[in-house]
Amino acid sequence: MSKLGTLGARLHRGEVGYDFVKNRKIWYGLSILITITAIVGLTVRGLNMGIEFQGGAVFNTPKNTSASVSQAERYAEEASGHDAIVQKLGDGSLRIQVAGIDTGAANKIKSALADDLKIDSEQINAELVGPSWGEQIANKAWQGLGIFMVLVVIYLAIAFEWRMALAAFVALIHDITITVGIYALVGFEVTPGTVIGLLTILGYSLYDTVVVFDSLKEQTKDITKQTRWTYSDIANRSINSTLVRSINTTVVALLPVAGLLFIGGGVLGAGMLNDISLSLFVGLAAGAYSSIFIATPLVADLKEREPQMKALRKRVLAKRAQSGAQAGTEPQGADESSDGPEDSAPAVVGPRNQPASRTRGRGRPSGKRR
């Protein structure tokens, strides 16, 4: 078995682990800091909305155009009087976007670009985009997002409980805010592909969260009937037992997206891939982070406020204190106190000390024969 597989098995059995729930304030603080940075970037810089949302014209030059991106951008801005976005595609052609112009202006810009680039105007393909289409796409995206959130909350509240539904909702908002904020900070263009990417990452984020919640639900059955573990202990066990699985699925999903973003968008110059690949890359990473460091610790926080969980914590801590006091006076390997069914906890963080055999020496003669 590989080292990672061995580690995963040990994490699942509770032999090793990291206390995520105990250090939850660190993760909360880090998430708040990242979220504030994203909101500030969104407020200060704003989103670079694509031409599909603003309206304008797109000019595609023939293959292997000799002009550079900076030259074509200068030509387009001089001809239109507006800011232009130029992308060099893999075949050497240029994609020039100019927002906020009408049909008459588009024809003039096309002729000016043909003269500056020293090509025939018929070789330049011009497409006019109206802002109403982009507005419809944005409205449909907001409607889809709202319906998705409502259905997710209802499903999780029925399948699990309302605290888990609330925690998953917070994690989803966390992922969307970070992704949109990074778009604002980086300055990537927001296109319909970006909207598709944002809606896609919600499913990935929710998948990791539900996997941990399902393990937590299974291990907390009849939790109040035992006095060995608190709800936070079992929540931490649930995170550790699914940790390797979450990491594996996230890495496998991130690898092709990273290739799409860094190789397709960066090396090959396929700029149109950046809009969807960046949202997928950031969203997948943020979703894995939130399912481990935000959603489950938040559920533990909410559950520990219940009177039953508070009483359970008091009993557990009292029993641990008593066991610690007895451990200082009893010999090594002494039998642990047993409370019958209470000791059959649904989660075991480590192997229990084996009790000393009480039948040692029975049936054997001692001393000399008489």
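The values are calculated or read from the model by the stated rules, or taken from the named source; none is laboratory data. In this text the structure is predicted, and so the values were computed from the model without any measurement. Reconstructed Cβ throughout: ideal geometry from the backbone, glycine too, with neighbour counts over all protein chains shown. The accessibility values were calculated without ligands, DNA or RNA, using every heavy atom of the protein model including side chains. Shrake-Rupley method; radii C 1.70, N 1.55, O 1.52, S 1.80 Å.
How much solvent-accessible surface does Thr43 expose, in Å² to the nearest 10, with a 1.4 Å probe and all protein chains in place?
110 Å²
At a Förster radius of 41 Å, what calculated FRET efficiency corresponds to the Cβ-Cβ distance of Ser93 and Lys22, to the nearest 0.05?
0.15
Calculate the FRET efficiency for Ser66 and Thr35 from the Cβ-Cβ distance with a Förster distance of 45 Å, rounded to the nearest 0.05.
0.50
Sorting His82, His174 by accessible area (1.4 Å probe), largest first, what list results? Numbers along the way, then the final one.
Working: His82 75, His174 20 Å².
Of His82, His174, the descending order of accessible area is His82, His174.
So, in nm, how far is label Lys217 from label Leu185 when the simple model puts each one 7 Å beyond its Cα toward the Cβ?
3.5 nm
What are the lysines whose alpha-carbon lies under 27 Å from the alpha-carbon of Lys221, with same-chain residues fewer than 8 places away excluded?
Lys22, Lys25, Lys303, Lys310, Lys314, Lys319
What spacing in nm lies between the two simple spin-label points modelled at Ile247 and Met49, each 7 Å away from Cα in the Cβ direction?
4.3 nm
Sorted by average packing, counted as other Cβ atoms within 10 angstrom per residue and highest first, what order do 201-210, 20-29, 281-290 take?
Ranked from most to least packed, the peptides come out as 281-290, 201-210, 20-29.
Lys303: accessible area at probe 1.4 Å, nearest 10 Å²?
20 Å²
Work out how much length Val150 to Ile137 would gain on full extension: take 0.36 nm times their residue separation and subtract the Cα-Cα distance, in nm to one decimal.
Details: separation 13, 0.36 × 13 = 4.68 nm, distance 2.01 nm.
Working it through step by step, the gained length comes to 2.7 nm.
Under a point spin-label approximation (7 Å from Cα along Cα-to-Cβ), what is the Ile196-Lys314 distance to one decimal in nm?
Between Ile196 and Lys314, the simple spin-label model gives 5.8 nm.
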